[in-house]
Amino acid sequence: MSDTRPWLESKAAPESVLALLRHAKPPGALDAVTRERSRRRLAQISALPAAAGAFLWLKHVALGAVLGSAALAVVSLPELLHQRTSAPSPSAAAAPARQRRVAPLATGASQSAAASNASESAAPSALQSASPASAWSGDIGAPAPRKTVAEAKASVGAASAKSEPESELVREARLLDLARGRLSTDPAGALVMLAQHERDFGGGALGLEREFLSVAALVKLGRRAEAEARAERLRTLAPGSLYQERLTAVLHPTAGAEPTRSKP
Amino acid sequence: MTSASPLSNVASPAMPADVAAVHEAHADFVWRTLQRLGVHQQDLEDVLQEVFLVVHKRLSTFDHSSQLTTWLFGICLRVAAAYRRRAHRRHETLGLGPEEALLRDGAADPEQVLAQREALRRLELALETLGLERRAVFVMFEIEGISAPAIADIMGVPVGTIYSRLSTARAEFTRAVERMEKQEKRGRP
């Protein structure tokens, strides 16, 4: 393509085309009211079993039945979430066991040491990547997705037949490493991964590190109040630890620090 | 869920923390993307919910190899494709279009309003001739002024692919506009 400037700038299009483009409006932003309504609807539907949730997503369905079912569904939500995943995996089967066994949070110093040891000894990652544009194949003609996270986790679990606590730590550290790697370019994605860590590992051996990374991600996203609140809890959980300095650095960066990434 | 953890407070128990985080961070991106893909104003909220229902179901399969926005863009494409199939039938019957939003703006000059409505109707007709991915590229580049590298980042494809799609979209859009002009000159609606 010879001219890489927009047509309205280069005028390299017929006048009839330019005339239409001059009238065009860019997409509008999501307003706060609609956003909140969407969030509430999503929260209500999330509390229901999958089939009922999909059905009740339709417009004009009475919310009374939804809320009544939601109260019952919330109690059994963890099992429902794991049953909903399409590919049963060792990680899903092991999740209830992990939830019952909540490891006490280590101190800041020992967590940092554990994290670095686990990273150094971690097996090469078997997490393959699916094609970005193909959440699933279909109309857009995307290639078939490669190995899923569940399949990759299963292969890692089978390959590393070490004692469970060590494998657990390796998996924790790997997930946190992935999240850490995304902090600067995709803090929202990092936050999703950190939430997954909390769901899969609970307090875990690296829970404090997870909390620190969550604070960093929230700062990057501009969610200052949430970042401050989580930082305060982390300070309480790990008083006098290295996290005190790290939290100060991330909450009050010096001039020239990396700016928050904004998306169109 | 980690009910025993003292740190489990990212979201209410009714919604998994990760889904809440995705909605909080990217609902606006999805909203704009659906518009880029031709979802009409009056349908946007419902289609937004369709996207997040899919997100809720499929987030566990997201392997973090691409950016989350790229993954979301893929979902929006699929949902918008289904919407387009339904919308074509409905809007051909009802004559609805994006200019409906302009009526709520209350522009003072009726002639200006009519001219704007007509321009938006023709713009939408021309855009509807484009495939969804080419439409998204065209809207982002020509109307929003987003750079090709940034579009490539959103869609998770090489910059060269973006330029290729843009080139095709430009040709198709121009042909659609010229076709409309010819039809109008012949006196047909």
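Distance between the modelled labels on A:Ala249 and B:Ser164, one decimal in nanometres: 4.4 nm (7 Å Cα→Cβ projection).
With the simple spin-label model, which puts each label point 7 Å out from Cα in the Cβ direction, the A:Glu36 to A:Ser16 separation comes to 4.8 nm.
For segment B:104-188, a crude dipole built from +1 on the beta carbon of Lys and Arg and -1 on the beta carbon of Asp and Glu, taken about the Cα centre, is about 460 debye to the nearest 20.
Read the figures in this text as sums done on the coordinates, not as results from a lab. Just so it is clear, the model here is predicted, and its values are computed rather than measured. So basically every Cβ, Gly included, is an ideal-geometry build from the backbone, and we count neighbours across all protein chains shown.
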